[in-house]
Each structure stands twice: as structure tokens, then as C-alpha cells.
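Throughout, read-outs are computed from the coordinates displayed, never taken from laboratory work. All values reported here derive from a predicted model rather than from experimental measurement. Cβ sites come from the backbone with ideal geometry, for glycine too, and all protein chains shown count toward neighbours.
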Ligand SMILES: [Zn+2]
Ligand SMILES: [Zn+2]
């Protein structure tokens, strides 16, 4: 009898076929195995009993990087007989739902070969095997085979080919296989584009970094800008050239031991740092922290990650000190992925370490942190992307969701899952919109996907909304759905936690377009996965100057001062007031009073800004989320009091709280009481509604706030292993489009 066994999940590019081959060979079974558009297909000429035993073995011993979603067994007609067991060349299927594996950090076996002088891949910067190396970043199409990746242009040498074809070799069908002789190679350029000839390129790069200069390095999913993290003038130079005065830089270290000299690391954090996904992990700086003070100024955290490619490893091993390794991009725009793009930043770097393996799909470093033993993501990209998220039921609808405008991600639905792109960046420029479109094209191409529903935000000026409308204009048949920003946030958290029933959703973030046209961001909803009702909010206040108020906390604080004191505010001796000239204050008062370019907002993120300005912690931000990070550093666990607040007509009036902050003498007391107050406000609503509490929105990336809420409400539902910021929106939109009754 012949049985067809179809296995779905992450089973391509992870050594699954050789594993099946060896398993069958050792059990003396006859048949074949191949990749198809769904996953892996095995044909076995055996009794049902043997087949069942075989499947048990698969489940028990599957390769480390694989994940099995389902196994389907069908008996088929015996039309041919098998000689032994073989691996068949891939066939492409029309409907594709196979999972694409993520890019994986160098494994231990490759690391030891890399350092072994007798190994033919000694110091080969692109060493990989079946268990490690690039995947998503090099894939052009499914099934995952060398010819469908950017490795297709490298012809294997005899030795590599022999390994590739030998099912007993640990590089059997390792698609990115290569060596000094046949694989990708390094090259080095000056910032004027001139090629630097060098005997040993890595030594040259190490010397350049040691000399305090800046190097652009092409990695797995894009370029990094790199400099010596312990050299003040090098880090300062990078800040100056990148025009990034204070936003913290990520630091790459060689190994876990080095990281322990820089930060206090829990077991959970160590496991995360060391995992084969290798995200940047935000950690508590050590008191004797010995890096440049310009790496992460004025905050208590540091973002560390371990070398994850052989190239990074070789550089760090020779340099013997940590490096700043920050995404090569302009502010929050997408990461540079091609040589042309990195040349556009040539004023920032002194030399560029290039290689000739094309990055097909750009993918930034992931960023995570651990709070209360739970992992939260700030950016889900390399090592995690593409992310496969669950839908509660299967759908035939082909939904494309376009996300928000900041921290853009896009998603498509396939059967009962949502495929989420990696973090793309902010859609603030033409080039970033091009990146956004190319991520959509990638998903469409790989999954042979044509949308019949397109979902976007309600904000009319989001680039993603404009693009959704363009798609609708091009094809009338497409159904266009617009979903409220904060509701999408809550749905995303509900989705990752598998909840569809009624909840109290708290969505606190920067700003998003509300159903009444105002800028929401401090909302309470009673909702399920098909409808929502707003049951609470922060009382509207004016954002003086609109967009400018988002960068200038002092403008938000000023709005409250005007509300409390009217034009008497002019006479206050207060740091917020003093940061403006007296003529500015008068103009801004008129602007505020007449509501000129001063939209109404209920944003909780802006309240953090207001507090930071009133306490003179920061008046003008140089990066997003700065005030929250600075406030975190001032929190004192021993202070448990909070400010009085009232809820009237669903509204919490923050100016009442601001008044109490203004008379506070000690900044630590004020900051701590402010945090405690936000927690009390949430707790108050939670008691009132007695529903499961679900949180989402960028404000909940604040570690102090998260910690306090988890302590106060232990069964709070949070987006674990997922993001709370706008990168979650595309997922929430897809859920909404499937379930929403009325819009
Ligand atoms: Zn390996
Ligand atoms: Zn070779």
C-alpha cells in the first residue's frame, strides 16, 4: 500500500527532507519525499502500522528549526513501486501556504568550523548549514530551493556540490551553501565608491573601526552602521553624521560573557539573547558599564545583541570590543538593502564592507525585552519574520491589510492564518512608500496572492490609506474596508491570545484617527471581534501646532497650562513657559484659544510628554518615545501614592492631575505618582466593567507601566511575543475585516 503524508508548517529550508530520508533509510522503508507549495509530501510504500510508527518518530525527532502545524495521511492507488527511498526535486503547486523559515543565527557547529584552521571553511564569512543562515532575506519564491533564492547565481564547486547532494551530510540541501572557492565574497569600498584592494578585508575593517571611524557593513537583511562602542569620539561622530543626537544605539557583542560586563541579565534574558533568533534585547545597564556615554545617554537601559552571522563574529573576535551596530537608514525610514541605497548614506560612513549575495527581502534587527518573565517585542523582524499569526477560523477571503503609517507592516490572510511582513519603518517619504509596496509585492509573489479585500486605517492622510484607495480605484471589484486605529490595536492583542469574546480594551498610544475625526490615543472600549463601543477616554486637549506638538512636549504642557490658568499662564515662572519667548507664548495662546491648527486629542502618549515638560525633564524630543524612557528612569518603586482623578461623562480630565504635579516639590515623587495614577485609572475602569482586560498601543511598551499593571491586575491580557505598537495594526485590521458587522 502507498500512503501520502502531507506535512505543513515550517518544514522547508530547515533540513526536513534529509531528516525524513535518513529516518526512512534507517527503518528500511521505501518511498520518496519532496517539497511542494504546502510543505513536505512523503510517499511511503508500507503498512498503516509502519506509517503510524514513522509519524511518531517524525514528531519526536524533527529538526530543531522545524515546526509542524498538521500531518495529513491519505492512502493512494499503487501505480509505481519504489527501489529504495529518495528525495525528489521540488514541484511548485498553485496554491501556496507553506511557511517561509526565518533568518537564523550561525549555529555552534558552523562556529567551530569557522575557527578551525584545518577546515576548508576556516574564516569563511558566509559559512552556513541546514540548521543556520539566511532564509527569508534571500528567498524570491516558494518552494524554498536554491534556484528560488539569491544563491542561484553562485555555481557550487565540486566539494560543496558533493555535500549538498549527500543526504548524510549536515549541509545536505542547505540552499545557501558555499565556500571560499564558490560562494559569496567580500569587497570593500571608500565612501567615494572607489574599491579598496586588500589582502585581508576583515583585518582592514577591524583596523578602521579600531581607528575610531565608521563602517557600513552589509549583513543578513540590510546594512548596519558600525563603530567602536567604547570610543566617545567615534560614537559622537556617528551621532553627528547621522543627525541623531540622543536616540539610543544598539550594541553588538561577541558572546554572552561580554554582554554580562555591560548589563544585568536574567536567565530569561540570557536565553533570549542566545536564541537562534538573536534579537536586540533591552537590558538594565550595569553600574560599572564601560561603554561610551554617548551610546544610550540619560537612560538606564541598553540594547544588546550577540553576533549572529559569521561575518559579525569574525570582526568582533578580532576587534575584541563591542561595536555600535545601528540600522543604516535615514531616521525611521526603511533599512538600506542595496549598494545604491547605502551609497545614498556615504556621507555617514568612511568605508563600506560589501558582499555579493543579494538581499531580496529587507529585514531589520528585531528588538525585544523581558518584563515579569514575559517576552515583549518592540520590533518583529529578522529571526521572526515573516510571522504567521492565527485566525480563529478558516477563510476563503483573500485579505490584504496595509497597517498604519508609522512602524508600518503589511499582512495577507491564507486559510486560517495571517502572514505578517517584518517591520518596514515609517512611511514618511517616497522611498519608504516604495519599500512598503515592495513588501506587498513580495507577499503577493511568494504566495501567488491576489486580494479581494483591502483593509486600511481610517486616517485619510496615511500613505497606506491612500494606497488602499488606489488599489480600489484600479480594480472596482476589490472590497475596501477601513478600520479604526485603536480598535485594530485591541483586536491584534486579542488575536495573538486567541480571544474573540467581549473584553474591556485599553488602547493608549501616540495618536490615531478617531471615529469623530479627532486624534484618539487614550481610549477604553467594550468590544469583541465584531464590534466596539468607546466607553471612556482622556478629556480632549489641544495639540498646539498639530504635528509640531508631537515632537515638542512643551506644547502639550502649554495646552494644559492655558486650560488651567488662561492668559494668566503668561505670568507663571515655570520651565514650560520659560522655554518659549514671551511673544511666542502670546501667539500660541491665540492659536490655542481659536483652535487654529490645534487638533483635539485624547492621546495618553502625549500626557507622558506633558508631564516630562512640566517637570522640565525634556522640552523638545529628539526621538519618538524619549519622554517615556526618561520618565521610566526616574520612577521610584517606594512611592506608592497616586494623584486624585475624576471620571466624568466617560472622561478623565488630565488638567486636574497636571495641577497636582505643578505643586509637587520632588521630581521622582511626581513621576512615580504619575505612573501610579495611570495604573489606578485603568484599574478603576477594570473594576467598573468586570470584563477581561486587554491592552495595546505604544504606551504599553513602557516597562515601568507594564510592570505596575501586571502587579496590580495579574490576569491582564498583553501581546506576549508580539508588539503593542503600530506594527500590530495590520494584523488587527485583518481580524476586523473578517468579522466586523458594521463599520
Ligand atoms: Zn550551521
Ligand atoms: Zn564551494
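List of remarks:
- Using distinct alpha-carbon pairs, which all enter the 1/r mean, Kirkwood radius of the stretch 313-360 in Å: 12.5
- Inter-centroid distance (Cα atoms) of the stretch 563-607 relative to the stretch 113-140, Å: 58
- Peptide ranges 648-656, 527-535, 661-669 listed from the most packed, as the mean C-beta count within 10 angstrom indicates: 527-535, 648-656, 661-669
- Pairwise Cα distances in the stretch 186-368 exceed 22 Å for 41 percent of all pairs.
- Each residue of the stretch 516-555 gets 97 Å³ once the volume of the Cα convex hull is shared out per residue.
- Stokes-Einstein diffusion for the chain at 10 °C, viscosity 1.306 mPa s, with a Kirkwood radius from C-alpha pairs, works out to 58 µm²/s.
- Beta-bridge orientation, the chain: approximately 75 percent antiparallel, per DSSP, counting only bridges with both partners inside.
- Intensity falloff of the stretch 671-743 expressed as log10 I(q)/I(0), Debye formula with alpha-carbon point scatterers, at q = 0.15, 0.17, 0.18, 0.20 Å⁻¹: -0.60, -0.74, -0.81, -0.94
- Two numbers describe the Cα atoms of the stretch 646-693: Rg and Dmax, which are 12.6, 38 Å.
- Scattering from the stretch 201-242 was approximated by placing one identical point on each alpha carbon and applying the Debye formula without solvent; log10 I(q)/I(0) at 0.25 1/Å stands at -0.86.
- The largest-to-smallest principal axis extents of the Cα set in the stretch 554-594 are 24, 19, 17 Å.
- In terms of overall dimensions, the C-alpha atoms belonging to the stretch 101-184 reach 36, 26, 24 Å along their principal axes, ordered largest to smallest.
- Cβ crowding within 10 Å averaged over residues, with 691-700, 193-202, 673-682 ranked highest first: 691-700, 673-682, 193-202
- CD proxy at 222 nm, helix term only [per DSSP H run n ≥ 4: -39500 (n - 2.57); per residue of the chain; nearest 500]: -9500 deg cm²/dmol
- All Cα-Cα distances of the stretch 596-658, cut into 10 Å bins from zero to the largest, leave 17, 44, 33, 6, 0 percent in each bin in turn.
- Zero-based 10 Å bins, Cα pair distances in the stretch 690-730, whole percents: 28, 57, 15, 0
- Semi-axes of the equivalent ellipsoid for the stretch 1-74, computed as √(5λ) from the eigenvalues of its C-alpha gyration tensor and ordered from largest down, come to 18, 13, 11 Å.
- The distance linking the stretch 24-57 with the stretch 676-713 is 50 Å (Cα centroid to Cα centroid, whole angstrom).
- Centre separation in Å (Cα based) which lies between the stretch 258-322 and the stretch 423-448: 30
- Over the stretch 609-743: Rg over Rh, Cα atoms, Kirkwood Rh: 0.99
- Relative contact order for the stretch 1-158, counting Cα pairs under 8 Å that sit 6 or more residues apart, in percent: 30
- Segments 627-635, 726-734, 217-225 sorted - mean Cβ within 10 Å per residue, highest first: 726-734, 217-225, 627-635
- The average projected area of the stretch 538-712, computed from the convex hull of its Cα atoms over all directions, is 9.9 nm².
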